[in-house]
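Asks: Sharing a structure below in structure tokens format, with a few things to ask.
The values are calculated or read from the model by the stated rules, or taken from the named source; none is laboratory data. Treat the numbers as computed from the prediction; the structure is a model and nothing was measured. Ideal geometry is used to build each Cβ from the backbone, glycine not excepted, and the neighbour counts take in all protein chains shown.
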Amino acid sequence: MTRKLFSAVAATLLLSAGTATAQSGLEPAVEADLAVTDWVDHVLGDAFDASHRNLLKSVAHQMAVAGVCDGFNVDNDKASAALAKVAEGHSEEDEDFDAVQAAVLMSLGAYIGFGRAAHAMDPDGFCAHAEEERSGEDAPHLIYAAN
């Protein structure tokens, strides 16, 4: 059941991105990012504000980087703390907590999947950009482990 759901989601994202690319003329990676972000916005609904959504996207991106780029690893404590920030305002006592938690996990997975796809399109550029991000002064919410 879960595999079918993720396959359907992936197909929808790819079709959405392909249609938008043909219409907009933007780079495929940009269109795919926009499609994934639109889908995540739909899945998360009104349960999360922009800062929580951006943090979730940042954490997922770094998890994707750590999975495909040499020299990158995730510090699990930092990742847990960042995901706890994403969940601020939601509690296990909330009636819809299971649905909110599922939405976060699906969104995290969608963003990680997109990151891996972006890497597949340009492995060297993807990892070089990640290195620039990691060493930049404007790099909030880094969850990478120290090398």
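Asks: Of everything in segment 73-88 that's part of a loop (DSSP other than H, G, I, E, B) and touching a residue at least 40 places away in the same chain (Cβ under 8 Å), which residue is nearest to LEU55 (Cα to Cα)?
Replies: Here the residue is ASP75.
Asks: If you don't mind, there's one more thing I want to ask. All but one of (1) in contact with a strand residue (DSSP E or B) (Cβ under 9 Å, 6 or more places away or on another chain); (2) over 22 Å from HIS141 (Cα atoms); (3) not β-branched (Val, Ile, Thr) hold for ALA66; which doesn't?
Replies: (2)
Asks: Here's something else I'd like to know. Residues in segment 99-122: is at least one of a type in the set (Asp, Glu) and surrounded by 11 or more Cβ atoms within 10 Å (Cβ to Cβ)?
Replies: yes
Asks: State the number of residues belonging to segment 29-83 that are of a type in the set (Lys, Arg) and surrounded by fewer than 19 Cβ atoms within 10 Å (Cβ to Cβ).
Replies: Number of matching residues: 2.
Each row is one residue, and each column tells you yes or no for (1) under 26 Å from GLU27 (Cα atoms); (2) of a type in the set (Ser, Thr, Tyr); (3) in a helix (DSSP H, G or I); (4) without any contact (Cβ under 8 Å) to a residue 24 or more places away in the chain.
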| site | (1), (2), (3), (4) |
| --- | --- |
| THR37 | yes, yes, yes, yes |
| ASN54 | yes, no, yes, yes |
| SER58 | yes, yes, yes, no |
| GLN62 | yes, no, yes, no |
| VAL65 | yes, no, yes, no |
| ASP94 | no, no, no, yes |
| GLY113 | yes, no, yes, no |
| ALA117 | yes, no, yes, no |
| GLY125 | yes, no, yes, yes |
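Asks: Could you say whether any residue in segment 43-50 is under 20 Å from HIS141 (Cα atoms) and either assigned to a helix (DSSP H, G or I) or modelled with pLDDT under 90 (or both)?
Replies: Looking for residues that are under 20 Å from HIS141 (Cα atoms) and either assigned to a helix (DSSP H, G or I) or modelled with pLDDT under 90 (or both), one finds at least one in segment 43-50, hence yes.
Asks: How about segment 49-104: which of its residues are of a type in the set (Gly, Ala, Ser) and either touching a Leu at 6+ places or on another chain (Cβ under 7 Å) or farther than 17 Å from TYR144 by Cα (or both)?
Replies: Hits for segment 49-104 are ALA50, SER51, ALA60, ALA82, ALA87, GLY89, SER91, ALA99, ALA102, ALA103.
Asks: Please verify whether GLU137 is touching a Gly at 6+ places or on another chain (Cβ under 9 Å), surrounded by fewer than 16 Cβ atoms within 10 Å (Cβ to Cβ) and over 15 Å from MET63 (Cβ atoms), treating the condition exactly as stated.
Replies: When the stated conditions are applied, GLU137 does not pass them.
Asks: What do you reckon, is ALA139 in a loop (DSSP other than H, G, I, E, B), of a type in the set (A, V, I, L, M) and within 24 Å of ALA29 (Cβ to Cβ)?
Replies: yes
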